[in-house]
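**Student:** Before I ask anything, let me first share the structure, which is written out below as structure tokens.
The values are calculated or read from the model by the stated rules, or taken from the named source; none is laboratory data. Keep in mind that what you see is a predicted model, and the values were worked out from it rather than measured. For neighbour counting, all protein chains shown are included, and Cβ atoms are generated from backbone atoms with ideal geometry for every residue, glycine included. Surface areas here come from the heavy atoms of the whole protein model, side chains and all, with no ligands, DNA or RNA. Shrake-Rupley method; radii C 1.70, N 1.55, O 1.52, S 1.80 Å.
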Amino acid sequence: MDTKDMLTDNRYDLRVDHTGKVKINIPQYVSCICRLNIEQFPFDTQFCAVALASPLLNAEEMDVNATQPPKDSYFSGNAEWGVISVTVRSMKFLEDGEYRVEVHYILQLNRRPIYYITVIVAPTFLISALSILGIFSPGQNDGPRGEKVSLGLGSLLAMTVLLDIVAGAMPKSNSIPLLGFYIIFVIFLCALAVTISMGFLAFSRKCIQTEKFPSVFAYRCLWMTPKKFKMNYWDTNGCVEQFQALVPKFPDLIAIWNQIHEIANAQLVYKKKVEKQKFKLAVEKEWNRLFMRFDYFFLFLFEAINLLILVVFLRKAWLPIPDLPEDFSV
């Protein structure tokens, strides 16, 4: 794209041999285009080439000797890229009826992924692990379960922000990089966890509103044993109490008898109400005990999947560095 001399013409380094051989060193800043393949980002290896050729002299007029750079050369890379090797190739090509010589300096660059692992991957894993832990932590009523859904939605928003950071750090391309796939999978995992938690919320409310204990089949499916509740519940809806009481003949005693009868009925109604509330509380507690087993199951399942996604992603970091392809072209 651009070249810029580092020294002026009168400061070039020349070396003259006794045989008449002259060697001249012309240091320059060279800006060139490098085609990137970001499918394995941030564990990618790029091959960038600098092509040098004379626009005037052909192969017969100029003798080109392309040698490999020494091992202790100054190709060291920078904070983001490490230089693995530098390959030098010399080739001839036909242009306007004459052959010309072109030298290719191919640099094999390996990206240093520690920045992306500490800034993006580690926070994404921690946020997803904590959100799954919060979503499927056992609850006793609808209040905490509703808060779990809010926690999951907040985690999705945080990971969407991290995905935007990844998109800003990568060059624009039609392909999705490996880091992008990792964050998308984690977002999908947390969204699925929120969906299951919302399904549990609706289903648990429906089961509790039936005011019936879980069936024996439900206990067997979850490897659980039903608890025995000793409830002294007075259900008199299907029967009518008929009894004959001796009504006193004196008016004063009749008034006292009526008051005592009203107090007894009020106590009976109150006791039936209290017993019914205890029964509903016992039903709700038993259903929550069953859904707690579901919470533990999905907690370990989703945490294992989250860890598996991280291991599959980091596995690319230990793969061997690819060699220069034989068909590589500038």
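Quick grid of which residues meet (1) open to solvent by less than 80 Å² (accessible area, probe 1.4 Å); (2) among the hydrophobic types (A, V, I, L, M, F, W, C):
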site: E39; (1), (2): no, no
site: F47; (1), (2): yes, yes
site: A53; (1), (2): yes, yes
site: M62; (1), (2): yes, yes
site: N65; (1), (2): no, no
site: P69; (1), (2): yes, no
site: S73; (1), (2): yes, no
site: G82; (1), (2): yes, no
site: K92; (1), (2): no, no
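**Student:** A further question on this structure: Is it true that T87 is open to solvent by less than 100 Å² (accessible area, probe 1.4 Å), under 21 Å from D323 (Cα atoms) and within 39 Å of the chain's Cα centre (by Cα)?
**Tutor:** Yes; evaluated as a whole, the condition is true for this residue.
**Student:** Counting only residues that are over 20 Å from M62 (Cβ atoms) and surrounded by 10 or more Cβ atoms within 10 Å (Cβ to Cβ), which one in the stretch 1-26 is farthest from the chain's Cα centre (by Cα)?
**Tutor:** It comes out as D13.
**Student:** Then there is this: Specify which of the listed residues (L319, L310, L299) is out of contact with any helix residue (DSSP H, G or I) (no Cβ under 6 Å at 6 or more places or on another chain), within 26 Å of V121 (Cα to Cα), touching a residue at least 24 places away in the same chain (Cβ under 8 Å) and crowded, with 16+ Cβ neighbours inside 10 Å.
**Tutor:** Answer to the check: L299.
**Student:** Hey, among the residues in the stretch 95-140 that are free of Cβ contacts under 8 Å to residues at least 12 places away in the same chain and of a type in the set (D, E, K, R), which one's least open to solvent (accessible area, probe 1.4 Å)?
**Tutor:** Across the stretch 95-140, the extreme among qualifying residues is E95.
**Student:** Taking the conditions exactly as written (among the small types (G, A, S), modelled with pLDDT under 90 and not in a strand (DSSP E or B)), does A122 satisfy them or not?
**Tutor:** Taking the combined requirement at face value, the residue does not satisfy it.
**Student:** So G20 fits all but one of (1) of a type outside the set (A, V, I, L, M); (2) at pLDDT below 90; (3) at positive phi; what number is the exception?
**Tutor:** (2)
**Student:** In addition: Across the stretch 199-209, which residue is nearest to F136 (Cα to Cα) among those that are open to solvent by 70 Å² or more (accessible area, probe 1.4 Å) and in contact with a helix residue (DSSP H, G or I) (Cβ under 9 Å, 6 or more places away or on another chain)?
**Tutor:** F203
**Student:** Spot the failing condition for G139; the list is (1) at pLDDT below 70; (2) under 15 Å from Y296 (Cα atoms); (3) in a helix (DSSP H, G or I), and only one is missed.
**Tutor:** G139 satisfies all of (1) at pLDDT below 70; (2) under 15 Å from Y296 (Cα atoms); (3) in a helix (DSSP H, G or I) except (3).
**Student:** Could you give every pair whose Cβ atoms fall below 9 Å, whose first residue belongs to the stretch 258-280 and is within 27 Å of T210 (Cα to Cα), and whose second residue is part of a helix (DSSP H, G or I), counting only separations of at least 6 or pairs across chains?
**Tutor:** As it stands, the answer is K280/I208, since those pairs meet every condition given.
**Student:** Specify which of the listed residues (I196, I176, I256, I183) is surrounded by 11 or more Cβ atoms within 10 Å (Cβ to Cβ), of a type in the set (V, I, T) and either in contact with a Gly (Cβ under 9 Å, 6 or more places away or on another chain) or at pLDDT below 80 (or both).
**Tutor:** From the options I196, I176, I256, I183, the qualifying one is I256.
Residue-wise test of (1) in contact with a Phe, Trp or Tyr (Cβ under 6 Å, 6 or more places away or on another chain); (2) β-branched (V, I, T); (3) within 30 Å of R112 (Cα to Cα); (4) modelled with pLDDT under 80.
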residue: V269; (1), (2), (3), (4): no, yes, no, no
residue: E275; (1), (2), (3), (4): yes, no, no, yes
residue: K285; (1), (2), (3), (4): no, no, no, yes
residue: E303; (1), (2), (3), (4): no, no, yes, no
residue: F313; (1), (2), (3), (4): yes, no, yes, no
residue: D323; (1), (2), (3), (4): no, no, yes, no
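**Student:** Moving on to the next point. Please verify whether G146 is at pLDDT below 70 and either among the β-branched types (V, I, T) or open to solvent by 10 Å² or more (accessible area, probe 1.4 Å) (or both), treating the condition exactly as stated.
**Tutor:** Criteria met by G146.
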